[in-house]
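Enquirer: Below is a structure I'd like to ask you about.
Bear in mind that the values in this text are calculations on the coordinates, not laboratory data. A quick note: this is a predicted structure, and the numbers were derived from the prediction, not measured. With ideal geometry, Cβ positions are generated from the backbone for all residues, glycine too; neighbour counts draw on all protein chains shown.
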Amino acid sequence: MKKQVPAKTRKIISIPKNAEQILATGDDNLIAEWMNGLQPDRFGIIKRDPYLSPYSGAIVGRYKYMLWKDHELTREAGSLSAMASGYLYFGLHKKGAKWIFREWAPNATKIYLVGDFNDWEEREDYAMTKLGDGGVWEIILPAEAMHHKDLYKLHIYWDGGWGERIPAWVNRVVQDDETKIFSAQVWEPSHAYKFKVENFVPKTEPLLIYECHIGMATSEEKVGTYDEFRKNVLPRVKKLGYTAIQIMAIQEHPYYGSFGYHVSNFFAPSSRFGTPDELKRLIDEAHEMGIAVIMDIVHSHAVKNEIEGLGNFCGMPDQYFYSGGRREHPAWDSLCFNYASNEVLHFLLSNCKYWLDEFKFDGFRFDGVTSMLYLSHGLGQDFGSYDDYYNGTQDGDAICYLTLANKLIHEFNPHAITIAEEMSGMPGLAAKIEDGGMGFDYRLAMGIPDYWIKTLKEKRDEDWNTTDIYWTMTNRRADEKTISYVESHDQALVGDKTIIFRLIDAKMYWHMMENDDDFDVNRGIALHKMIRLITLSTINGGYLNFMGNEFGHPEWIDFPREGNGWSYKYARRQWDLVDRKELKYKFLNRFDEDEIHLVQEVKKFNEQPLVPIWDNRGDHVIAYMRGNLLFVFNFDGQRSFTEYGFLCPKGQYDLVLDTDSPKYGGFGFVDPKADYETNYDPLYEGDGKGWLKLYIPARTALVFRKRN
């Protein structure tokens with residue numbers, strides 16, 4: 001800790017307004033004095049939303065707590081980034097002619113390193129030594145004592161018992177094909193992968209995300225690999241125009257069917273998909289293509305396993321997790337991290353930095369944020385007013401952790417991207433920390449997919465409400481960026497249906513040939529395009545699509561399990577469907593590619609104001625402008641409109657996208673070469689407006705670009 005500033009000297013110090021400057025003094029008294037003087041009116045989220053004023057005490061309080069925790073954690077290191085380097089100290093490392101292995105096991109009385117190198121026997125020359133009173137254990141071995149790809153574990157003893165364990169900070173875990181047993185593995189290749197792209201800057205205006213899962217990215221009935229994804233899927237993503245991939249299930253997890261959400265080894269990339277070096281090459285080549293790589297990180301809970309995971313690592317069930325009734329998640333059959341523990345914060349923050357540093361991920365989608373924010377995990381809790389966010393059910397320690405994580409991530413890489421999977425609508429989640437927020441760059445617009453599913457399930461086509469659609473697409477906090485999406489992996493899991501399957505259902509099996517003119521299929525394809533276009537074109541931050549859904553991948557996702565005979569049939573992507581020229585899937589894929597590229601071509605598309613032009617619920621027609629693009633939708637399933645007119649900025653317009661075009665599987669009723677120009681009306685001359693009259697076929701969306 002830095003030296004205290006004497007009281008008589010403190011008087012002449014000009015107290016800075018910047019939190020970083022005040023923390024840098026290292027003076028407890030000065031920091032406390034500054035924090036006590038913080039006023040709610042300095043926080044941007046309260047200035048921008050006066051309705052938050054009654055809750056300013058909670059907002060200021062969580063900010064103060066975060067600052068003090070930051071100060072507490074960085075007393076010696078000086079910064080969060082320097083502090084969050086546990087992965088460089090703990091775990092197994094080769095230093096010159098020696099191996100150094102360290103582990104934090106405060107309840108242990110003896111620890112042995114066992115593995116291939118000592119016939120899995122407890123030998124004194126592989127016994128670890130306890131360093132001081134902090135619970136850290138260490139062993140230093142000669143280089144010849146262990147070798148690349150050796151398997152190993154720990155035998156940890158404590159008063160009253162012992163356990164075979166995989167190290168908490170391990171960076172490589174493999175599973176035996178026959179016994180299915182997991183073990184740590186020495187990973188020290190003679191020729192480690194060297195990155196070609198050192199300082200990648202993601203394209204975020206807008207951020208266009210292709211969510212994916214490495215294992216199910218193959219068309220074969222098996223687990224796909226990093227290399228297969230790099231060779232076969234990355235080129236598809238590049239062609240489609242997405243600017244980022246968001247990879248699920250990277251952290252090692254014992255049960256494949258958990259979709260990667262029951263993590264056991266937080267620093268180990270899943271070996272199911274290949275080696276760490278193969279993952280690095282995938283990320284590097286994505287960067288060469290201009291594609292950012294976001295990791296789906298799980299810090300909201302952990303698997304309960306003890307041998308593979310952290311459940312009872314050294315005979316101390318609450319080493320990483322809460323004790324008592326808060327230890328187990330009531331809905332997820334998992335364990336909840338103790339965010340009040342500085343050691344746990346060090347572990348999780350180091351984990352964030354590790355993936356950025358070692359693998360050059362460009363950021364994270366934080367899973368299960370709602371579960372973290374509330375003591376109730378958000379279960380059975382309604383969020384209908386601000387009172388529901390500030391009624392004493394918030395988990396202040398978890399909020400502090402998430403804020404510190406965002407601070408660290410952006411401190412280490414200013415271009416990094418953070419996204420919160422959060423459904424309660426907590427204000428300030430994606431606002432700047434200095435404004436009283438939690439520092440996420442984006443929050444998922446989780447209400448949008450729910451809206452589309454509810455609409456498709458419960459409403460007849462003739463009852464669709466264009467006003468309601470537009471409001472749902474644009475209903476968000478003006479000062480927080482969101483990621484809009486029609487469906488992610490969640491909407492495709494077994495027990496649910498993808499949007500295309502909900503639209504067409506079993507007819508997908510029999511009527512997707514190009515020349516098969518089936519009404520239900522035609523309707524489904526038309527609405528699939530329109531739903532995606534209106535969701536994409538109304539974003540204020542970014543857009544997400546789950547792998548394969550761009551071309552209407554049929555059916556659901558169901559990982560191998562006892563109930564399906566351990567089949568991989570539904571845990572893969574059938575790329576041949578979109579590649580076969582005689583099938584209609586190619587039309588949806590082609591449309592997705594063109595709509596993504598259209599949005600990419602507009603500079604800062606997500607920041608262009610949305611200007612309402614027309615909304616007639618009776619006709620099911622809605623129009624709005626974004627920059628020089630005019631979007632027109634006719635959701636009516638029966639009526640096509642001729643000479644349909646509305647006022648818009650006067651000038652000439654070019655048709656640049658037509659969902660009814662034959663190239664997208666439509667009927668081609670609109671002439672792509674027609675001239676479009678507003679008609680003069682003296683009543684609106686001063687407003688710079690004129691009447692644009694269009695032919696708008698049923699279930700069709702048209703996009704025009706204004707020339708001048």
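Enquirer: Normalised by the number of residues in the stretch 552-631, what is the relative contact order in percent for Cα pairs under 8 Å and 6+ residues apart? Mind showing how you got there, number by number?
Expert: Values: 67 pairs, mean separation 12.6, N = 80.
Reported relative contact order: 16 percent.
Enquirer: Given an 8 Å cut-off on Cα distances and at least 6 residues of separation, report the relative contact order of the stretch 611-672 as a percent. Could you put the intermediate results ahead of the total?
Expert: Numbers: 58 pairs, mean separation 12.2, N = 62.
This gives 20 percent for the stretch 611-672.
Enquirer: Which of the peptides 30-41, 288-299, 154-165, 258-269 is most tightly packed, and how do the rest follow, going by the mean number of other Cβ atoms within 10 Å of each residue? Kindly include the intermediate steps, with their values, before the conclusion.
Expert: Working: 30-41: 14.2, 288-299: 21.6, 154-165: 17.0, 258-269: 23.8.
Going by the mean number of other Cβ atoms within 10 Å, highest first, we get 258-269, 288-299, 154-165, 30-41.
Enquirer: Run through the stretch 430-515 and list the chymotrypsin sites (Phe, Trp or Tyr not before Pro) located in a DSSP loop whose Cβ has at most 14 other Cβ atoms within 10 Å.
Expert: Details: sites: F440, Y442, Y451, W452, W464, Y470, W471, Y485, F501, Y509, W510; in loops: F440, W464, W510.
Qualifying residues, ordered by number: W510.
Enquirer: Sort the stretch 279-391 into rounded, prolate or oblate with this rule: let a ≥ b ≥ c be the square roots of the eigenvalues of the Cα gyration tensor; rounded if a/c is under 1.5, and if a/c is not under 1.5, prolate when a/b is larger than b/c, oblate otherwise. Walk me through the numbers before you get to the answer.
Expert: Values: a/c = 2.46, a/b = 1.36, b/c = 1.81.
Cα axes put the stretch 279-391 in the oblate bin.
Enquirer: How much length would be gained if the chain were fully extended between K130 and L683, taking 0.36 nm per residue of separation minus their Cα-Cα distance, in nm to one decimal?
Expert: On the way: separation 553, 0.36 × 553 = 199.08 nm, distance 8.58 nm.
Using 0.36 nm per residue and subtracting the Cα-Cα distance, I get 190.5 nm.
Enquirer: Within 13 Å, Cβ to Cβ, of V599, how many net charges do the neighbouring residues add up to if Lys/Arg are +1 and Asp/Glu are -1?
Expert: On the way: positive: K203, R532, K603, K604, R626, R705; negative: E205, D592, E593, D594, E595, E601, E607.
So the environment of V599 carries a net charge of -1.
Enquirer: Still on this model: Full extension from S85 to K663: what is 0.36 nm times the residue separation minus their Cα-Cα distance, to one decimal in nm?
Expert: Values: separation 578, 0.36 × 578 = 208.08 nm, distance 5.26 nm.
Between S85 and K663, full extension yields 202.8 nm more.
Enquirer: Calculate the all-directions average of the projected area of the stretch 143-263's alpha-carbon convex hull, and give it in nm². Could you put the intermediate results ahead of the total?
Expert: Numbers: hull surface 47.6 nm².
So the Cα hull casts an average projection of 11.9 nm².
Enquirer: Quick check: net charge around D518, other residues with Cβ under 14 Å of its Cβ, Lys/Arg +1 and Asp/Glu -1?
Expert: Working: positive: K507, R523, K584; negative: D505, E514, D516, D517, D520.
Neighbourhood net charge equals -2.
Enquirer: How high is the relative contact order of the chain, in percent, counting Cα pairs under 8 Å that sit 6 or more residues apart? Each step should come with its number before you reach the end.
Expert: Details: 1374 pairs, mean separation 73.8, N = 708.
In percent, rounded to a whole number, it is 10.
Enquirer: For n ≥ 4 DSSP H runs only, could you compute -39500 (n - 2.57) per run for the chain, divide by its residues and tell me the 222 nm figure to the nearest 500? Could you put the intermediate results ahead of the total?
Expert: On the way: 18 runs with 177 residues, N = 708.
About -7500 deg cm²/dmol.
Enquirer: At 0.36 nm per residue, and after removing the present C-alpha to C-alpha distance, how many nm does the segment from D468 to M289 gain when stretched out fully?
Expert: Working: separation 179, 0.36 × 179 = 64.44 nm, distance 3.86 nm.
Full extension from D468 to M289 adds 60.6 nm.
Enquirer: Around K581, what is the net charge, scoring Lys/Arg as +1 and Asp/Glu as -1 over all other residues with Cβ under 15 Å from its Cβ?
Expert: Details: positive: R580, K584, K586, R590, K663; negative: E514, D516, D576, D579, E582.
So the surrounding residues net to 0.
Enquirer: Summarise the long-distance tail of P(r) for the stretch 560-708 by giving the % of C-alpha pairs beyond 24 Å. Could you put the intermediate results ahead of the total?
Expert: Numbers: 4886 of 11026 pairs.
Taking all Cα-Cα pairs of the stretch 560-708, the fraction more than 24 Å apart is 44 percent.
Enquirer: For Y374, enumerate residues with amide H under 5 Å from its amide H, sequence gap 5+ or separate chain, H modeled in the peptide plane.
Expert: The answer is D395.
Enquirer: Something else about it: If you restrict to DSSP beta bridges whose two residues both lie in the chain, what percentage is antiparallel, to the nearest 5? Could you put the intermediate results ahead of the total?
Expert: Working: 72 of 102 bridges.
Of the beta bridges lying entirely in the chain, close to 70 percent run antiparallel.
Enquirer: Dipole size in debye (nearest 20) for the stretch 113-264 around its Cα centre, Lys and Arg Cβ +1, Asp and Glu Cβ -1? List each step's numbers first, then the result.
Expert: On the way: 16 positive and 24 negative charges, 243 e Å.
For the stretch 113-264, the charge dipole is close to 1160 debye.
Enquirer: What are the ³J(HN,Hα) values, in whole Hz, obtained from phi via the Karplus relation 6.51 cos²θ - 1.76 cosθ + 1.60 with θ = phi - 60°, for each residue of the stretch 467-480 in sequence order, with x given for Gly and Pro?
Expert: Once rounded to whole Hz, the list reads 5, 5, 4, 5, 5, 5, 5, 10, 7, 7, 6, 5, 9, 10.
Enquirer: If Rh is defined by the Kirkwood formula over all Cα pairs and Rg also comes from Cα, what ratio Rg/Rh do you get for the stretch 358-448? All intermediate terms of the calculation are to be shown ahead of the outcome.
Expert: Details: Rg = 13.2 Å, Rh = 13.5 Å.
Rounded to two decimals, Rg/Rh equals 0.98.
Enquirer: Still on this model: Where the centre of each part is set by its Cα atoms, how far does the stretch 419-493 sit from the stretch 518-597, in angstrom?
Expert: So the two Cα centres are separated by 20 Å.
Enquirer: For the pair Q600 and A97, how long in nm is the line joining their label points, each one 7 Å along Cα→Cβ?
Expert: 5.4
Enquirer: Taking the Cα centre as origin and putting +1 on Lys and Arg beta-carbons and -1 on Asp and Glu beta-carbons, what dipole magnitude results for the stretch 570-639, to the nearest 20 debye? Each step should come with its number before you reach the end.
Expert: Details: 12 positive and 12 negative charges, 38 e Å.
About 180 debye.
Enquirer: I need two numbers for the chain: Rg to one decimal and Dmax as a whole number, Cα atoms only, in Å.
Expert: 27.8, 96
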